[in-house]
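See structure below.
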Amino acid sequence: MNIILNGEPAELHGTTVADLIAQTAPQQPFAVAVNTVFVPKGAYAETVLNENDKVDIVRPVVGG
């Protein structure tokens, strides 16, 4: 399935946010949004992605 990951086309080998996290292995900590909606960590396994969904995996910004 093709999705848009952080603004770039990507191929997902699976159907859920959990599958995407397993495939991309982002560095901790991170947050996930699907079509601009935040996905809680506990909902990754049941959040199904669809063709051309826009997914953002972001890291918090800290500093001063």
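Points to keep in mind about this one:
- Scope segment 21-62; condition of a type in the set (S, T, N, Q) and within 20 Å of GLU11 (Cα to Cα); matching residues: GLN23, THR24, GLN27, ASN35, THR36, THR47, ASN50, ASN52
- Strands (runs of 3 or more DSSP E) wholly inside the chain that include at least 2 residues being touching a strand residue (DSSP E or B) at 6+ places or on another chain (Cβ under 8 Å) and open to solvent by 30 Å² or more (accessible area, probe 1.4 Å): 2-5, 8-11, 54-58
- Of all residues in segment 22-38, one or more are among the aliphatic types (A, V, I, L, M) and farther than 19 Å from MET1 by Cα.
- Filtering segment 14-39 to residues that are within 15 Å of PRO60 (Cβ to Cβ) and not aliphatic (A, V, I, L, M) leaves PRO26, GLN27, GLN28, PRO29, PHE30, PHE38.
The values are calculated or read from the model by the stated rules, or taken from the named source; none is laboratory data. Values in this document were obtained by computation on a predicted structure and should not be read as measured data. Don't worry about glycine lacking a Cβ; one is built from the backbone with ideal geometry, like all the others, and counts go over all protein chains shown. With ligands, DNA and RNA removed, areas are computed over all heavy atoms of the protein, side chains included. Shrake-Rupley method; radii C 1.70, N 1.55, O 1.52, S 1.80 Å.
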